[in-house]
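**Q** Attaching a single structure in structure tokens format; questions to follow.
The values are calculated or read from the model by the stated rules, or taken from the named source; none is laboratory data. Keep in mind the model is a prediction, meaning the values are calculated, not measured. Here the Cβ is made from the backbone with ideal geometry for all residues, glycine too, and neighbour counts use every protein chain on show. Heavy atoms of the whole protein, side chains included, go into the accessibility calculation; ligands, DNA and RNA do not. Shrake-Rupley method; radii C 1.70, N 1.55, O 1.52, S 1.80 Å.
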Amino acid sequence: GSAVHDVLEKLYQDVLGKELSVDFVKNIASQKEIIDQLLRQSFAERFDDESLKRGKNYLLYRVCLKLIREFLKQEQSNLQMLDDSGSSMKLLLLESDMEQVLTVSGHQVKVKGKVDRVEESSGIVSVADYKTGGQKGISITSDNFPLLATDPKYAKGVQLMTYARLYWKSKGSPDVRLRSGIYWLRNSPGGFDSWKI
């Protein structure tokens with residue numbers, strides 16, 4: 001998962017703070033050698049070259065390549081739909097550390113997280129988390145708020161709410177239209193999946 005995050009951050013770095021275009025994403029998606037090189041560099045920080053040539057690490061490497069390619073393909077589709085509707089998407093943040101100090105029962109508690117991506121489209125700011133694993137055992141929809149504190153299947157939802165709050169307190173304004181959600185990279189045709197409560 002970390003390797004995929006690294007590659008996506010590096011691929012999108014040039015458009016940080018700018019509008020994303022279908023042409024930009026098509027261009028980076030077509031640069032298969034660069035994607036391969038970036039992924040190999042990221043894997044090299046964790047594994048030796050020999051272990052990437054066969055076995056489980058080689059399979060993981062191939063899966064990561066596929067996840068990146070599928071995400072870029074879905075991104076093109078999403079951007080084309082926005083373009084067709086007269087809208088656009090701006091990339092605000094990538095792999096950004098955020099923190100906030102809260103006072104809880106007289107104690108200072110530091111809450112922090114690393115937000116994978118923040119984007120804005122049609123006046124809505126989306127705080128996004130990339131998830132390379134599957135959706136099994138995870139729910140980001142609930143109508144029972146107390147369950148969030150006790151049921152592990154809602155841990156990702158709590159993370160999404162925390163990231164949204166961290167963004168809102170550091171970058172947002174009282175009237176910001178904000179949502180948080182997941183890009184399920186194993187199911188990229190699903191697009192952005194918003195937290196619902």
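**Q** Quick check: anything in the range 160-175 crowded, with 18+ Cβ neighbours inside 10 Å, modelled with pLDDT of 75 or more and closer than 24 Å to GLU70 by Cβ?
**A** Yes.
**Q** Another question, if that's okay. Run ASP129 past the list (1) free of Cβ contacts under 8 Å to residues at least 60 places away in the same chain; (2) within 15 Å of TYR163 (Cβ to Cβ); (3) surrounded by fewer than 18 Cβ atoms within 10 Å (Cβ to Cβ); (4) not hydrophobic (A, V, I, L, M, F, W, C) and report the number of the one that doesn't hold.
**A** Going through (1) free of Cβ contacts under 8 Å to residues at least 60 places away in the same chain; (2) within 15 Å of TYR163 (Cβ to Cβ); (3) surrounded by fewer than 18 Cβ atoms within 10 Å (Cβ to Cβ); (4) not hydrophobic (A, V, I, L, M, F, W, C) one by one, ASP129 breaks only (3).
**Q** Taking the range 176-191 as the search range and keeping residues that are open to solvent by 40 Å² or more (accessible area, probe 1.4 Å) and over 20 Å from MET98 (Cα atoms), which one is modelled with the lowest pLDDT?
**A** Looking at residues that are open to solvent by 40 Å² or more (accessible area, probe 1.4 Å) and over 20 Å from MET98 (Cα atoms), I get PRO189.
**Q** Now for a separate question. For the condition in contact (Cβ under 8 Å) with a residue 60 or more places away in the chain, hydrophobic (A, V, I, L, M, F, W, C) and farther than 19 Å from GLY191 by Cα, what is the one hit in MET89, MET98? Spell out the reasoning first.
**A** Working: MET89 fails: farther than 19 Å from GLY191 by Cα.
The conditions single out MET98.
**Q** Working only within the range 29-44, note down all residues that are hydroxyl-bearing (Ser, Thr, Tyr) and open to solvent by less than 60 Å² (accessible area, probe 1.4 Å). Please lay out each step first, then the result.
**A** Taking the range 29-44 as the starting set, the residues that turn out to be hydroxyl-bearing (Ser, Thr, Tyr) are 30, 42.
The one that is hydroxyl-bearing (Ser, Thr, Tyr) and open to solvent by less than 60 Å² (accessible area, probe 1.4 Å): SER42.
**Q** Output the number of the condition that VAL25 fails; it satisfies all remaining conditions of (1) over 15 Å from TYR183 (Cβ atoms); (2) in contact (Cβ under 8 Å) with a residue 40 or more places away in the chain.
**A** Unmet condition: (1).
**Q** Return the only residue of LEU91, LEU79, LEU20 being touching a Gly at 6+ places or on another chain (Cβ under 9 Å), at pLDDT 90 or above and open to solvent by less than 30 Å² (accessible area, probe 1.4 Å). Spell out how you get there, then give the answer.
**A** Numbers: LEU79 fails: touching a Gly at 6+ places or on another chain (Cβ under 9 Å); LEU20 fails: touching a Gly at 6+ places or on another chain (Cβ under 9 Å).
Just a single option satisfies the conditions, and that option is LEU91.
**Q** Same structure again: In the range 35-69, how many are over 24 Å from GLN80 (Cα atoms) and of a type in the set (Val, Ile, Thr)? Full working, then the answer.
**A** We begin by selecting, within the range 35-69, every residue over 24 Å from GLN80 (Cα atoms); these are 36-64.
The next check asks that each one be of a type in the set (Val, Ile, Thr); those that pass are 63.
The qualifying residues number 1.
**Q** Go through (1) within 20 Å of TYR130 (Cα to Cα); (2) surrounded by 12 or more Cβ atoms within 10 Å (Cβ to Cβ); (3) without any contact (Cβ under 8 Å) to a residue 60 or more places away in the chain and name the single condition VAL4 misses.
**A** With respect to (1) within 20 Å of TYR130 (Cα to Cα); (2) surrounded by 12 or more Cβ atoms within 10 Å (Cβ to Cβ); (3) without any contact (Cβ under 8 Å) to a residue 60 or more places away in the chain, VAL4 is out only on (3).
**Q** Those residues that are open to solvent by 40 Å² or more (accessible area, probe 1.4 Å) and closer than 22 Å to SER122 by Cα, I need them from the range 45-75; list them, please.
**A** Of the range 45-75, the ones open to solvent by 40 Å² or more (accessible area, probe 1.4 Å) are 45-50, 53-56, 58-60, 62-63, 66, 69-70, 73.
Answer for the range 45-75, where residues must be open to solvent by 40 Å² or more (accessible area, probe 1.4 Å) and closer than 22 Å to SER122 by Cα: just LYS73.
**Q** If GLU119 meets every condition in (1) open to solvent by 30 Å² or more (accessible area, probe 1.4 Å); (2) modelled with pLDDT of 90 or more; (3) out of contact with any helix residue (DSSP H, G or I) (no Cβ under 9 Å at 6 or more places or on another chain) apart from one, which number is that one?
**A** It is condition (1) that GLU119 fails.
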